1. Just to be sure I understand the filter: pairs with C-beta atoms under 7 Å, separated by 6 or more residues or on different chains, first member in region 127-147 and within 16 Å of residue 96 (Cβ to Cβ) and in contact (Cβ under 8 Å) with a residue 24 or more places away in the chain, second member of a type in the set (D, E, K, R) and in a loop (DSSP other than H, G, I, E, B). Which pairs pass?
2. Name the residues in region 306-338 that are outside any loop (DSSP other than H, G, I, E, B), among the β-branched types (Val, Ile, Thr) and either out of contact with any Cys (no Cβ under 6 Å at 6 or more places or on another chain) or open to solvent by 10 Å² or more (accessible area, probe 1.4 Å) (or both), would you?
3. Quick one: in region 42-79, of everything that is assigned to a strand (DSSP E or B) and among the basic types (Lys, Arg), which residue is most open to solvent (accessible area, probe 1.4 Å)?
4. Before we move on, is residue 341 crowded, with 17+ Cβ neighbours inside 10 Å, among the hydrophobic types (A, V, I, L, M, F, W, C) and under 23 Å from residue 408 (Cβ atoms)?
5. Just to verify a result, which residue in region 142-179, among those that are open to solvent by 10 Å² or more (accessible area, probe 1.4 Å), of a type in the set (A, V, I, L, M, F, W, C) and assigned to a loop (DSSP other than H, G, I, E, B), is farthest from residue 266 (Cα to Cα)?
6. State all residues of region 251-265 that are open to solvent by less than 20 Å² (accessible area, probe 1.4 Å) and either hydrophobic (A, V, I, L, M, F, W, C) or closer than 11 Å to residue 291 by Cα (or both); if no residue qualifies, say none.
7. Can you name the strands (runs of 3 or more DSSP E) wholly within region 80-127 that have at least 1 residues being under 26 Å from the mean Cα position of the chain (by Cα), among the polar types (S, T, N, Q) and over 14 Å from residue 433 (Cβ atoms)?
8. Would you please list the contacts, defined by Cβ atoms under 8 Å and residues six or more apart or on different chains, that run from a residue in region 79-102 that is free of Cβ contacts under 8 Å to residues at least 12 places away in the same chain to a residue that is open to solvent by less than 60 Å² (accessible area, probe 1.4 Å)?
Amino acid sequence: MLKVKRHKCLVFYWFLFCILVSVSLCADLDGKEKDFIYFDTEDVGQPDRRVPLIQPSKIVKLDPDYGGQWILAADLNADGAVDILSAENFNKGDVHYTTTAVAQNLDGSVLWKWGNPDIGRKNWHHDVACQIHDFNGDSKNEVVLCTKGFLVELEGATGRELRRIPIPDEATDCLVFCNLSGNSYPSDVLVKDRYHHIWAYSRQGKLLWMVKDPGGFRTAHQPVPIDLDGDGRDEIMAGYAMLNSDGSVRWIYKSKQVDQAKGHLDCARVFRQGSSPENFRIVLTCCGANNIALVDGNGKVLWEIRGRHFESVDVGRIIPGHAGLHICVDIDHQPYGKSPLWVLDEQGRRLGRLVTDYSRHHCLLDFTGDGIEEIMVAHKGGLYDHQGRRIGTFNTPGAEITEGKLKYEKSMHIGDMTGDGILDVILATPYNVYIYENTNGRKSDKPLRLGTEPNLTLY
C-alpha cells in the first residue's frame with residue numbers, strides 16, 4: 001500500500017512539473033516575459049512635450065528627382081568636408097537594382113547626378129546596392145553601385161563613370177566590400193540576389209567564386225566580412241554558413257531550438273573580437289525561425305532565445321555598473337504601438353525592455369558625454385537613457401510623424417559629420433536628411449572615417 005501511494009505521489013509531482021514547464025514555455029512565447037533586471041518601460045503615442053527637443057544642426061533637402069532615402073555620407077570631393085549621397089532603386093517581384101545616385105554638399109547644392117530618375121522609388125524596403133568606398137586604393141572615395149546587369153564605379157568627386165563590370169542581372173540586392181585576396185585594403189566585392197546566390201569579384205572584375213544557398217540555407221540580407229583567424233583575408237558570414245575567403249564552407253550555425261529552414265539570417269554582428277576564432281563572439285538573428293543566438297568564431301552556440309522575430313542588433317555599453325558590452329535588438333512584425341527593444345548581456349540575460357510605437361530602426365551612441373551609450377529610435381526621434389526613459393526628442397521639422405500604417409520609415413545612422421572625431425546622429429526621410437551634432441560626445445580613441453560606416457546596412 002505504501003508503494004502504491006509513493007508511486008501516485010511521484011506521478012502527481014511529475015504531472016505538476018510538466019504543467020509548470022509548459023506554462024513557463026508558453027509564457028515565454030506569448031510575450032509575458034521573464035523579469036527584466038534594470039527596466040521595463042513603454043513610450044507610445046505623442047512624445048512628452050516636457051522632454052527637451054534636440055534641433056538639427058543641418059537639414060539637407062534631397063534632390064527632388066534623383067534623391068532617395070538610401071543615405072550615405074563621406075568626403076566625396078576630397079575637400080575635407082562631409083557630403084551626402086542618396087539613391088533610388090527599382091523593385092519588381094523582390095528583384096531590385098539601383099536607378100539613381102546624387103551627391104550633395106551639406107548646404108544642399110548638388111555635386112553631380114547619375115542614372116534615370118523615372119523608374120525608381122524614393123522609399124526603400126531593404127538595403128540599396130550603393131556604397132562609398134576607396135575601391136582603387138588611391139585614398140579617394142568612389143561611389144560603387146549595382147544597376148541591372150552591371151556593377152558601376154563612379155568617381156566620387158564628379159560622378160564620372162569610371163567602368164562597368166558585368167554581373168548577373170539579378171545580382172543587385174546589395175553589395176559589400178571585403179578582403180578576400182589578402183591585399184592591403186578591402187579590394188574585393190560581394191554582390192548577391194535576394195536570398196540564394198552570392199558572387200565574389202576582385203577589383204579587376206574577375207569572378208573569384210559563386211555560392212548558392214550557402215551551407216544549405218538561404219543567404220542573409222547582407223553578407224558580413226570577418227577576419228576570424230588574423231590572416232589578412234576575410235571570412236564571410238553569408239547566412240547561417242561562415243565561408244572561407246575562397247567561398248568554401250568553414251562552419252554552419254546549427255540551432256538547438258528552432259527550424260532554421262523556415263527563414264534566413266537577418267543580422268550578424270561581431271559582439272567581441274578575439275585573438276582566435278574561439279574567442280570571437282557573434283550575435284545572430286533569425287528571420288522566420290524567430291531566434292537570437294550568440295556563437296563563437298567556430299560556430300559553437302553559447303545561448304539562444306527563441307520565439308520572437310528578433311531583427312537588427314547594436315552592440316555597446318548601455319547599463320552602467322553591469323559589466324561588459326550589451327546587445328540592443330528590436331523585435332519586429334509587431335502591432336503598431338507594441339514594438340519592443342530588448343537589452344541583453346553576453347550571457348543572454350534580459351537587462352531591459354523598451355516598447356515604442358515602432359522600434360525597427362535604432363542606434364546606440366553616447367550623446368550625453370557620460371561614457372554610457374543611449375538608445376536612439378528613429379520613428380519618433382526618441383533618445384533614451386539606461387533606465388529606458390525618454391530624455392530627448394530629435395526634432396525633424398517638415399517630416400510627418402505618422403500613426404498606425406506608416407507612409408515611410410525614418411532611417412537612423414551615426415557617423416562623424418564634422419571631422420572632430422565624435423560620432424553624430426543622422427535621421428533620414430525620403431525627402432530630407434537631418435544632422436544632429438553630438439556636442440557632448442567624447443572623441444573616439446580610434447581614427448573615424450568621415451561620414452557613415454563602411455558597408456552600410458539597414459540590418
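1. Pairs that qualify, where the first residue is within 16 Å of residue 96 (Cβ to Cβ) and in contact (Cβ under 8 Å) with a residue 24 or more places away in the chain and the partner is of a type in the set (D, E, K, R) and in a loop (DSSP other than H, G, I, E, B), are 129/173.
2. 315, 327, 329, 331
3. Looking at the filtered set, the residue picked out is 61.
4. yes
5. So, considering only residues that are open to solvent by 10 Å² or more (accessible area, probe 1.4 Å), of a type in the set (A, V, I, L, M, F, W, C) and assigned to a loop (DSSP other than H, G, I, E, B), the one farthest from residue 266 (Cα to Cα) is 157.
6. 260, 263, 264, 265
7. 83-92, 95-104
8. Hits for this filter: zero, empty list.
The values are calculated or read from the model by the stated rules, or taken from the named source; none is laboratory data. This one's a predicted model, so the numbers in the text were calculated from it and none came from an experiment. Cβ atoms come from the backbone with ideal geometry, glycine included; neighbour counts cover every protein chain shown. Remember, those area values only see protein heavy atoms, side chains included, never the ligands or the DNA or RNA. Shrake-Rupley method; radii C 1.70, N 1.55, O 1.52, S 1.80 Å.
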